[in-house]
Amino acid sequence: MTTVPNFALYGHEAQPSWLDMVHVERIPVRSSLFDWEIAPHVHDALLQLLYVVRGGGEVFIDELKWPVRPPCLIVVPANAVHGFHFLADTDGHVITAAQRPLEAAVKAVAPELLPMLRRPAVLLVDAASRAAEALPPLFEAMERETRVHEAGQMAVGLSLLVALLVQVARIGAAQPGDEDAVLRSRKAQQVERFKALVEARFRERVSIEDYGQALGVSAGQLSRLCREVLGISALDVVNARVVHEAQRELAYSLLSIKQIAAVLGFEDEAYFGRFFKKHTGHRPTDFRAMAQRRLAAA
């Protein structure tokens, strides 16, 4: 089975999500380079929010297909396999944000928005609504902020994004049948349950057999399910989460590598080093030095 590509932005290999907290661009910037066909792929740590104002087409998210009829909003959470078929005149905005830091910010100021960030949705926008009037200024302000490159840029961008998500939630709440529109298939729901378990227990180095038992399926069934929905095995899902946390700790924390290994459930620092290099191509010490250089230059 062909593995679903893991991209940061479509066409660019995935990088640690701490490198780019929020990215904003117009839909044609990337889609036109690929003849308006964005093949199924996945972002393992990034959420995308699209506001389509012209054109249209179709979007595929976790085995479901929605028509894209502008004006509309499209929410694609991290780890959702998705692709697009756009008409050639399609225009609008695309925001890409690191999901976990965004959820942390939302949890602090508007925790009721969290469910919206974790499920795919396509929301029709009533152009006459007050929420719809608020969308263009917020998207435009975010786009301007990405060009500033001044102190506090991340804080401003994140604040604008939270304000934008409040408007998205209001639009979603006003739509009849929205719950039906975002229901995913049984298989996708099972994968979501697995991902939630991984999020809760990835530091414990739980076996795939134990995860399967908690979900009422065998390890083989769980891995086949993940391959079908995500394009990767169940073990790949767990390892990707561990690697992401290891990158975050190496980039931001003052913990020693031995301490990070222990926090992530590795009894042996050397084994952690081999695991990390296998999945990233870098030794932990080299990755930490690289991360610190990049953060210093940001």
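In table form, for the structure just shown:
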{"read-out": "Subset of the stretch 50-70 (residues that are open to solvent by less than 10 Å² (accessible area, probe 1.4 Å) and without any contact (Cβ under 8 Å) to a residue 12 or more places away in the chain)", "value": "none"}
{"read-out": "Test: residue in the stretch 261-279 that is closer than 30 Å to Gly152 by Cβ, open to solvent by 50 Å² or more (accessible area, probe 1.4 Å), hydrophobic (A, V, I, L, M, F, W, C) and more than 26 Å from the chain's Cα centre (by Cα)", "value": "no"}
{"read-out": "Yes/no for Leu73 being of a type outside the set (Gly, Ala, Ser), buried (at least 17 other Cβ atoms within 10 Å of the Cβ) and closer than 22 Å to Val191 by Cα", "value": "no"}
{"read-out": "Enumeration of residues in the stretch 205-236 that are at pLDDT 90 or above and under 17 Å from the mean Cα position of the chain (by Cα)", "value": "Asp236"}
{"read-out": "Checklist (1) modelled with pLDDT of 80 or more; (2) within 29 Å of Ala240 (Cα to Cα); (3) open to solvent by 10 Å² or more (accessible area, probe 1.4 Å); (4) more than 14 Å from the chain's Cα centre (by Cα) applied to Thr3, failing item", "value": "(1)"}
{"read-out": "Boolean, Arg288 is open to solvent by less than 50 Å² (accessible area, probe 1.4 Å), in contact (Cβ under 8 Å) with a residue 24 or more places away in the chain and assigned to a helix (DSSP H, G or I)", "value": "yes"}
{"read-out": "Qualifying residues in the stretch 121-136 (those that are outside any loop (DSSP other than H, G, I, E, B) and of a type outside the set (A, V, I, L, M)) - the one modelled with the highest pLDDT", "value": "Pro136"}
{"read-out": "Scan of the stretch 97-141 for residues that are farther than 29 Å from Glu249 by Cα, small (Gly, Ala, Ser) and without any contact (Cβ under 8 Å) to a residue 24 or more places away in the chain, ordered by number", "value": "Ala128, Ala141"}
{"read-out": "Leading residue by the ranking (farthest from Arg100 (Cα to Cα)) among those in the stretch 240-260 that are in contact (Cβ under 8 Å) with a residue 60 or more places away in the chain and open to solvent by 60 Å² or more (accessible area, probe 1.4 Å)", "value": "Tyr252"}
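Residues are listed down the side, and each one gets a yes or a no for (1) in a helix (DSSP H, G or I); (2) modelled with pLDDT of 90 or more; (3) open to solvent by 20 Å² or more (accessible area, probe 1.4 Å):
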site	(1), (2), (3)
Ile171	yes, no, no
Arg184	no, no, yes
Gln189	yes, no, yes
Leu197	yes, yes, yes
Arg203	yes, yes, yes
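This table checks each residue for (1) crowded, with 19+ Cβ neighbours inside 10 Å; (2) at pLDDT 85 or above.
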{"residue": "Ala78", "(1), (2)": "yes, yes"}
{"residue": "Gly83", "(1), (2)": "no, yes"}
{"residue": "Asp89", "(1), (2)": "no, yes"}
{"residue": "Ala104", "(1), (2)": "no, no"}
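The values are calculated or read from the model by the stated rules, or taken from the named source; none is laboratory data. These figures come from a predicted structure and were not determined experimentally. Here the Cβ is made from the backbone with ideal geometry for all residues, glycine too, and neighbour counts use every protein chain on show. Accessible surface areas use protein heavy atoms only, side chains included; no ligands, DNA or RNA. Shrake-Rupley method; radii C 1.70, N 1.55, O 1.52, S 1.80 Å.
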